[in-house]
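Input: a single structure, listed below in C-alpha cells.
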Amino acid sequence: MKPTKPATIFDHFSGLKDNLPYVNLCKLPTPIKKAKGLGDRLGLQNLYIKHDGLTAQPFGGNKVRKLEFLLADAVKQEAEEVMTFGFAGSNHALATAVYAKQLGMKSISMLMPQTNHPYVQRNLLAGLHFGAEFHVYRNKRLLRLGARYQQWRHKKKYGKTPYTIPPGGSSPLGAVGFVNAAFELKQQIDTGVMPEPDIIYVTLGSAGTAMGLWLGLKTLKLNCRIIPIRVVDHDFLSKQMCLDLFGQTAQLLHSLDPSFPLPDTAEVKAEMNIRNEFLGEGYAKFNAPGREAISIMKETENIDLDGTYTGKTLAALVADARNNQLKNKTVLFWNTLNAHEQSAPAKDSDWRDLPRSLRKYF
Ligand SMILES: *Cc1c(COP(=O)(O)O)cnc(C)c1O
C-alpha cells in the first residue's frame with residue numbers, strides 16, 4: 001500500500017505543533033527505489049536509494065528539508081533578509097536564495113573560495129537569477145569579520161539585521177529537517193516501500209543531514225547504522241562538533257516537547273564512526289574513488305552524482321561492498337544531490353554582474 005500522507009515529526013510529537021516553526025517547501029516523501037543495476041554490479045541483493053534530489057522544485061537536494069524549519073523561523077521573526085554562509089559553489093547558499101525569495105525575503109550569500117568546477121559557475125549564476133547578494137572572504141576569520149560588518153551595514157540601510165543561517169543550514173533547528181526525514185523513512189518502511197535497512201550511507205558536510213537523521217532513527221528505536229562520509233576538512237568540522245549538534249538538536253526538541261527523549265550521549269559518542277578516508281585532498285577536490293563511483297552510478301542507474309559530496313559517499317559504499325562487508329545486508333544510499341536542471345536560471349544571468357572576486361570562476 002502506498003502512503004497517502006507522510007508521517008512527520010508533528011504526528012509523533014504533537015507538542016511541537018504549537019512552537020516549532022515550519023513552512024512547507026518540499027513535496028514529501030521522496031521516493032525510495034531498489035537499485036537493481038547498481039546492486040547487481042556490486043553483488044548486493046538489497047540495495048536501495050533515497051531520492052532526496054527530488055525534495056522540492058525548482059531546486060531539490062538535502063538543504064530544502066532544513067530550510068522548511070529555518071526559513072519558517074525567519075518568517076516568524078519577520079525577517080526581510082536572510083544571511084548564510086558557504087563555499088563559492090554552495091548548494092546551500094543557492095537553495096537559501098531560491099526559497100527565501102519564494103517567501104518574499106532576500107538572501108545574502110557570504111562565501112569563501114573553493115576549487116573551480118562547472119557546478120560552481122552554474123550555482124553562482126542561478127544565485128544571481130534568484131536575487132542573492134554575494135560577498136566573498138579569503139578565510140574563516142575574514143568571513144566572521146565580514147559577517148559582522150554586513151550585518152551592521154544591512155541594519156543601517158534597511159533598519160533590520162538579516163536572519164542568520166549557519167553554513168549548510170546545520171543549526172539544531174536546521175537539523176530538525178532530518179529528524180523529520182527519519183520519520184518519513186519509518187513510514188516508508190512500515191508501508192513496505194523498503195525493508196528496514198541495516199546500513200545507511202550519507203554524506204557528512206556541515207553534519208545537519210547525518211546527525212538529524214541519526215537522532216531521528218534513535219528516537220524511533222530503529223537499529224540501522226548510519227555511516228557518515230566526511231567530505232570537508234577537519235578545521236571545518238570535528239567529531240566534537242557533530243556530537244554537539246546531535247545533542248543540541250535533541251535538547252531543542254525536548255525543550256519544545258518534553259516527551260521528545262534525550263539520547264544517551266556516551267552511547268552516541270561510542271557509536272559515531274565517521275569515515276574520513278574518502279575526503280582525499282580536501283573539500284571539492286575530486287578524487288579517483290569518487291570519480292569511479294560516479295561512473296558506476298551513471299552506467300547502472302543513469303543517475304548523476306557529484307564529485308564534491310555524493311560521489312565520495314558512494315565510493316565508501318563501493319569499497320565496503322568490494323571488501324565483503326555488506327554481504328546479506330539491506331543497504332540504503334541517501335542521495336542528497338539536487339536532481340533538477342539549473343541551467344535555465346543560470347542562462348539568463350551574466351557573470352559580469354558578480355563581485356570581482358567571483359568572476360575568476362568564469
Ligand atoms: C550540503 C550537501 C551535503 C552535506 O550535508 P550536510 O547536512 O551539510 O552535512 C551533501 N550533499 C550535497 C549534495 C550537499 O549539497
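The values are calculated or read from the model by the stated rules, or taken from the named source; none is laboratory data. All values reported here derive from a predicted model rather than from experimental measurement. FYI the Cβ positions are ideal-geometry reconstructions off the backbone, even for glycines, and counts take in every protein chain you see. Surface accessibility is based on the protein's heavy atoms, side chains included, excluding ligands, DNA and RNA. Shrake-Rupley method; radii C 1.70, N 1.55, O 1.52, S 1.80 Å.
Worth pointing out:
- Value of relative contact order over the chain, rounded to a whole percent, pairs C-alpha under 8 Å and six or more apart: 24 percent
- Viscosity 0.890 mPa s, 25 °C: Kirkwood-radius Stokes-Einstein D of segment 233-355 over Cα pairs, µm²/s: 137 µm²/s
- Extension gain, T265 back to D304 (0.36 nm per residue minus Cα-Cα distance, nm): 10.4 nm
- Quotient of C-alpha Rg and 2.2 N^0.38 Å, computed over segment 178-281: 1.08
- For segment 93-200: span of alpha carbons on each principal axis (Å, largest first): 54, 34, 28
- Note on L142 and D40: the model spin-label points, each 7 Å out from Cα along the C-beta direction, lie 5.2 nm apart.
- Cα centroid separation - segment 206-226 against segment 291-362, whole Å: 22 Å
- Solvent-accessible surface ranking, highest first, for E292, E81 at 1.4 angstrom: E292, E81
- For the chain, the carbon plus sulfur part of the accessible surface works out to 50%, probe radius 1.4 Å.
- A quarter of the convex hull surface defined by the alpha-carbon atoms of the chain gives 17.4 nm² as the mean projection.
- At least 24 Å along the helix axis (C-alpha) and Kyte average at least 0.0, DSSP helices within the chain: 172-190, 239-256
- Mean-position separation - Cα centroids, segment 97-155 and segment 18-42, in angstrom: 27 Å
- Exposure rank, largest accessible area first [D320, D40; 1.4 Å]: D40, D320
- In the context of the full set of protein chains, segment 221-362 has a per residue accessible area of 51 Å² (1.4 Å probe).
- Given K186/K298; K63/K347; K186/K218, the pairs whose alpha carbons are separated by over 19 Å: K186/K298; K63/K347
- Local electrostatic count at S107 - Lys and Arg +1, Asp and Glu -1, tallied over other residues with Cβ under 10 Å: 0
- Among A344, A316, A35: highest mean-square fluctuation, GNM of the chain, C-alpha pairs under 10 Å: A344
- For the set W214, W334, W152, solvent exposure ranked by accessible area (probe 1.4 Å, protein chains only) runs largest to smallest as W152, W214, W334.
- Where segment 19-139 is the region considered: accessible area per residue in Å², 1.4 Å probe: 35 Å²
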